[in-house]
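Structure record follows, encoded as structure tokens.
The values are calculated or read from the model by the stated rules, or taken from the named source; none is laboratory data. Predicted model only: the values in this text are computed from it and were never measured. Please note: Cβ atoms are built from the backbone with ideal geometry, for glycine as well, and neighbour counts cover all protein chains shown. What goes into the accessible areas is simple: the full protein's heavy atoms, side chains included, and nothing from ligands, DNA or RNA. Shrake-Rupley method; radii C 1.70, N 1.55, O 1.52, S 1.80 Å.
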Amino acid sequence: MANREINGEGQPPVLTVNNLKTHFFTDEGTVKAVDGASFSAPAGKTVGIVGESGCGKSVTALSILRIVQKPGRIVDGEIILRRADDAEPVDLAKLDAEGGAIRAIRGGEIALVFQEPMTSFSPHYTIGNQIVETIRLHQDVGKAEARNRTIELLRMVGIPRPERRIDEYPFELSGGLRQRVMIAMALSCNPKILIADEPTTALDVTTQAQILDLLREIQARTQMSVIIITHDMGVIAEMADDVIVMYLGRVVESGPVDEIFHRAKHPYTQALLRSIPSIFAAPRSKLPTIAGSIPHPHNRPAGCPFHPRCAERMMGKCDVHIPRLRPVSRRQMASCFLYHEPDEAPIT
Amino acid sequence: MTIRSNSGAPLLEVRNLQRFFPIRRGLLRRVVGQVRAVDDISFHIDRGETLSLVGESGCGKTTTARCILRALKPTAGEVLFQTGAGEVVDTASLPKAALTPYRHQMQMIFQDPFSSLNPRMTVFDIIAEPLLASGIKNRDQRRARVENLLERVRLRPEFMQRYPHAFSGGQRQRIGIARALALNPSLIVADEPVSALDVSVQAQILNLLLDLQDELGLTYLFVAHDLSVVKHISDRVAVMYVGKIVEIAETDQLFKAPKHPYTEALLSAVPKPDPRLRSERIVLQGEVADPAHPPAGCYFHPRCAHAIDRCRSETPPLEEVLPGHRVACHRARELSLKGVDAPPSPHPQQLRTL
């Protein structure tokens, strides 16, 4: 790994997503699953994308890897991947989703860890088989060499007796071990970016703590950029350097993790933080709630998507115009009319 | 079959409950081992109280819940339930047919509101089904009761002719709660009732459960893995590990001053929703013991940082170390373990209320 990457700060980010729009064209109408997401992922840092179901966080991940299922497709925006020092950056959004270029990047420079470690493996092959296949797909190595590397990887992610475990089938492993194998597989080709989509949601807390520690440890060693996607504010607080808060396909707020948790600007972020059950709460205490529920994607409200549930909405403004993501402090952005006036731009 | 009259008894008392699952192998399906899913546990729940069973997957919390409801027949032990008529019955030993009069007094709320409601039945049919089964033949009566139940769970009664797919996850969970309430149960067993819901909806359902308890005097057995959720809802908490209760205490006491190293590790592992509290966590090594081949002595000792020789050979009994605080650990009295207390600086946003 080039030592320039370790300097971090002044470096251009490894991945930059600009105004990404991924829409699904269904018979019942267009679902704007992601509608203008922008963020960047620097080397050695962790970006957390947080939001509830339907906010577009997973579709964002799928869009980056270009594995959005039909009838969905990227309709606008760019996904710039900065490659080795001398190579030209590529715009993943422009690549052919089935072409060789993106296939080399998937599982190579960008790896993905899914939520459900049971269904993300093929039940017909041993875990070793599946990791060896990944390695040999991306790198020119022999079978024996790939197998040795697989054992090393399994050891690195903390699997006991890897030389035996390598020949086991996914069903023989516990959830925590399976997730470790998933991470080993993702790391098999030394990715620059690891996208972890709800990596610990299916796991128990003590296993979750192990996996989060493992991710941090590997990141410290490899300086890879991690994009962690979750609905769990606790995981975000533990892991992220920068946070993107999404709601119904739009980024409502972004900024450094401390700002998001201690100086949140957007009413949705504020309400979400208040409504999380806290381990510090008094027993049998009521929680502040957010009124209503997340609208069905086909009934997306006009104007700001959060306005029907927002306690601070301004009628005539929030229900008409769509707020843009604008700076609200030096490093923090929010899309809310409490902080800026609507553009004269037409309503989309 | 034990029937006694006892009005001062707790609503539910579980004594030495065991549930083993046989492991069968070979052509003759011979029993070669036992999975000790629930391994000799005892606890009680007072009327109007919420007891939470917490623990990681496979610890036996759901099996315990299912044994109490007699969805599973316990291998051994007593489940003493105080009926509406004031008698105490042992639902573990009663023959299945004899249970029918008591079934409606204990109801369940399920985890997944998507698969627990029949998609081909309207909301009315779903909620009225238990009414019909209990012999309310008059449709108008059922209708009035369903309307009342929907209002109780804060849903609009006009929606009763719709099908489950028209509702969001939170609304479906309310329908499930309304169905559970239909026959005026005294005990509600809620198995992970909010873990499938979005964060912003979890809070609504937790508040609803607290309100319903106050309004109807319900008693909850709450099964959950999320300690933050448990903190909000429970009067007392029982922590389970590999089929055994390792610690049981009042909620505040258990969270502030845990006495079992496993409880301490669990509390420490919960991600705290504040980046300023990123600190050294206790990360347990290894995995939960296999309930088919549990280790000798204390089941937790292979992962315990405080284990001594005695822990490797002798199973610790669940003993009272403080009033109402029982712990199964040889070293409970000498260890000083770390719990979770109020955060150092209160969360500025949590001080504001909506």
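The table below lists the values:
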quantity	calculated
Calculated FRET value between residue B:16 and residue A:343, using beta carbons and R₀ = 56 Å, to 0.05	0.20
Protection-proxy order for peptides A:91-98, B:297-304, B:317-324, each taking the mean of Cβ atoms within 10 Å per residue, highest first	B:297-304, A:91-98, B:317-324
At least 10 Å² of accessible area lost relative to the chain alone, listed for region A:281-302 with a 1.4 Å probe	A:281, A:283, A:284, A:285, A:286, A:287, A:288, A:289, A:290, A:292, A:293, A:294
Interchain or long-range residues, amide H under 5 Å from residue A:112's placed H	A:107, A:195
Under 21 Å, Cα to Cα: Lys pairs in chain B, sequence gap 8 or more or different chains	17
Whole-Å distance, taken between Cα centres, linking region B:76-137 and region B:230-268	29 Å
Relative contact order computed over chain A (Cα-Cα under 8 Å; 6+ residues apart), in percent	19 percent
Candidates per GluC sites (Glu not before Pro) in region A:248-348, loop by DSSP, up to 14 other Cβ within 10 Å	A:312, A:344
Estimated buried accessible area (total), pair B and A, 1.4 Å, Å² to nearest 100	5100 Å²
Calculated FRET efficiency for the pair residue B:151/residue A:282, C-beta based, R₀ 41 Å, to 0.05	0.90
Shielding score for A:222-235, defined as the mean number of other chain Cβ atoms within 10 Å	2
Phi-based couplings in Hz for region B:108-121 (Karplus 6.51, -1.76, 1.60; Gly and Pro marked x)	10, 10, 9, 6, 9, x, 8, 9, 8, 10, 5, x, 9, 10
Over region A:118-190, relative contact order from alpha-carbon pairs under 8 Å, at least 6 apart, %	43 percent
Principal-axis tilt of helix B:169-181 within chain B, Cα atoms, nearest 10 degrees	80 degrees
Percent carbon-and-sulfur accessible area, chain A, ignoring ligands, DNA and RNA, probe 1.4 Å	50 percent
Average beta carbon contacts from partner chains per residue of A:239-247, 10 Å cutoff	1
Residues with amide H under 5 Å from that of residue B:50, placed H, sequence gap 5 or more	B:220, B:235, B:236
Tilt relative to chain A, helix A:205-222 - C-alpha long axis, 0 to 90 degrees, to 10	80 degrees
Helix axis angle, A:127-138 relative to chain A longest principal axis, alpha carbon, degrees	80 degrees
Computed helical MRE - 222 nm, chain B, DSSP H runs ≥ 4 contributing -39500 (n - 2.57), nearest 500	-8500 deg cm²/dmol
Residues whose placed amide H lies under 5 Å from that of residue B:109, excluding near-sequence neighbours	B:189, B:190, B:191
Three-way shape call for region A:305-347 based on the alpha-carbon gyration tensor, with the a/c threshold at 1.5	oblate
Neighbour-limited loop hits for chymotrypsin sites (Phe, Trp or Tyr not before Pro), region B:105-134 (at most 11 other Cβ within 10 Å; DSSP other than H, G, I, E, B)	none
Value at 222 nm in deg cm²/dmol, rounded to 500, when DSSP H runs of n ≥ 4 in chain A each add -39,500 (n - 2.57)	-8000 deg cm²/dmol
Selection from A:156, A:208, A:281 lying farthest towards where the dipole of chain A points positive, charges on Cβ	A:281
Reachable lysines from residue A:45, criterion Cα separation under 17 angstrom, eight or more residues apart if same chain	A:192
Phi to ³J(HN,Hα) by Karplus 6.51 cos²θ - 1.76 cosθ + 1.60 over region B:13-23, Hz, x for Gly, Pro	10, 9, 10, 6, 5, 9, 9, 10, 10, x, 9
Heavy-atom accessible area per residue - the protein assembly as shown, 1.4 Å, Å²	43 Å²
Beta bridges per DSSP with both ends in chain B, % antiparallel, nearest 5	65 percent
For region A:241-255, 3J(HN,Hα) per residue [Karplus equation, 6.51 cos²θ - 1.76 cosθ + 1.60, θ = phi - 60°, Hz, x = Gly/Pro]	8, 10, 10, 10, 9, 10, 8, 6, x, 10, 7, 8, 7, 8, x
Cα shape, chain B, gyration tensor, a/c 1.5 rule	oblate
Shape category assigned to the protein assembly as shown from the gyration tensor of Cα positions, a/c cut at 1.5	oblate
